[in-house]
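First up is the structure itself, then whatever we jot down about it.
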């Protein structure tokens, strides 16, 4: 034996009970599960802890952690997540199929088992300039990749309800290849819900309440309980696990690096469920077994002879503190990680005209401002005095700017209310979904400096305060960093401190800023082509673009 884990409690999902035993590992596989102690080159005393298969995140956008796939894998592995299904639509919007395939390759160099969902909505709409596009040709090629286990969440709900031809072809392509079809149905109920899932979609993670989950389970859909940075599942909804333990999975969807490091990853679900009194075997089934079974991933999700030795040793089944992580039969600390070399098309993806010009707000738009509410992605339409100066910090009317960064030269500007900056500017090349450069500030000069900091670093998050500019580089595609999680965390904390000194009361001003160009979330947003009315799905004063 290469490794033996002695004195551990192991979940037996076939008998639905915990078993006290010793587990032997050889050549990356479970070799024996025994009542008797065994000899090995390396023996770990589990001290009656809980040994489980690696945890699984059934739906995640890795880019939300601002890390390359290898670095993301290193981060979540320490928290016991050894399997993910990643929908990397952010990098696909930046660099299309080339960027997505590099992400897939890089993930393979990390410690976790990364599986992938093909992004189904790239770009999200034709109303903003992205750097990549995934059409039927690209989707077909990706679905044929053995690393792909599903067609990613179908976010174009009207298209699904209307049986859009391209969408239905994508669904057929996935089902022909025995790949799952992921759903995205926030707020849908009744006949609309039935019609949406009648298109061949098999699961949903856009739920938070017991009633929503119950309605979907009555249609025999799989449901993912989501615990991300902004979105959480209500405590009362966790009882669905004991009611339907075979139909529930866990996911994070979008979770920031700071939140992963401070609250855990899928371990957050486990602690929450345990604290709410969910049956421990059902809880472990959802965390470890159901995901691989749902996505047809073999030799995973159980501790039985022949299964992959991707394991997590916890102190107990209440606190779920990670004591050891075993990857392919080796302790995590002994697993070598070699990040991929970043190709030029991702390392130099910011193409902005020089010198940087900050556009003026068109006079026809000065009577309207995007109204921001802390903690919400939904923005209001605020009517303001058009005769006020273009930027009026005293009235919390700042300038929001979007600069297209793929070489087309588009730019736009409008008023925005709610950031309450007293001085300076902040900027980001992480701006959903197209990831153009977005900035907000009290003066054009500060906006220009903040944008320049991003361009010089080939992408990132910046804050300009007087002559001082601080930037957290995100040089891979302009949206993620190859740095270690520790170094990136330090830089992000410094960015937050400097941003707060500008006077904003927002809890995470850069995160809020990153959604101000997302033209599918109501009510008013700014794309690189102009101010966009999401409710009417058209530009405001389009002649001013």
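The values are calculated or read from the model by the stated rules, or taken from the named source; none is laboratory data. None of these values were measured; they are calculated from a predicted model. No Cβ is skipped: glycine too gets one built from the backbone with ideal geometry, and neighbour counts run over all protein chains shown.
A few notes on this one:
- Residue list for region 190-221, filter: touching a strand residue (DSSP E or B) at 6+ places or on another chain (Cβ under 7 Å) and either crowded, with 20+ Cβ neighbours inside 10 Å or within 22 Å of residue 286 (Cα to Cα) (or both): 201, 202, 203, 204, 205, 207, 213, 216, 217, 221
- Qualifying position, being outside any loop (DSSP other than H, G, I, E, B) and either buried (at least 24 other Cβ atoms within 10 Å of the Cβ) or in the same structural domain as residue 86 (by TED's automatic domain parsing) (or both), among 232, 269: 269
- For residue 32, the stated conditions hold: it is in contact (Cβ under 8 Å) with a residue 12 or more places away in the chain, in a strand (DSSP E or B) and out of contact with any helix residue (DSSP H, G or I) (no Cβ under 8 Å at 6 or more places or on another chain).
- If you filter region 248-266 down to residues that are assigned to a helix (DSSP H, G or I) and out of contact with any strand residue (DSSP E or B) (no Cβ under 8 Å at 6 or more places or on another chain), you find that the one that is farthest from residue 152 (Cα to Cα) is 262.
- Scope region 173-213; condition part of a helix (DSSP H, G or I) and farther than 25 Å from residue 57 by Cα; matching residues: 190, 191, 192, 194, 195
- Being assigned to a loop (DSSP other than H, G, I, E, B) and modelled with pLDDT of 95 or more is a property that does not hold for residue 216.
Let's see how each residue does on (1) on the phi > 0 side of the Ramachandran plot; (2) surrounded by fewer than 22 Cβ atoms within 10 Å (Cβ to Cβ); (3) modelled with pLDDT of 95 or more:
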position	(1), (2), (3)
115	no, no, yes
120	no, no, yes
132	no, no, yes
139	no, no, yes
152	no, no, yes
156	no, yes, no
171	no, yes, yes
176	no, yes, yes
182	no, no, yes
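- Residues considered: 25, 19. Of these, the only one that is free of Cβ contacts under 8 Å to residues at least 24 places away in the same chain, out of contact with any helix residue (DSSP H, G or I) (no Cβ under 9 Å at 6 or more places or on another chain) and either assigned to a loop (DSSP other than H, G, I, E, B) or not assigned by TED's automatic domain parsing to the domain that holds residue 117 (or both) is 19.
- The residues in region 485-503 that are surrounded by fewer than 19 Cβ atoms within 10 Å (Cβ to Cβ), outside any helix (DSSP H, G or I) and in contact with a strand residue (DSSP E or B) (Cβ under 9 Å, 6 or more places away or on another chain) can be counted, and the count is 1.
- The residues listed here are 321, 290, 334; of these, the one that is within 20 Å of residue 74 (Cβ to Cβ) and within 24 Å of the chain's Cα centre (by Cα) is 321.
- Which numbered condition residue 14 fails, given (1) farther than 23 Å from residue 511 by Cα; (2) part of a strand (DSSP E or B): (2)
- Residues (at positive phi and surrounded by 15 or more Cβ atoms within 10 Å (Cβ to Cβ)) located in region 504-540: 530
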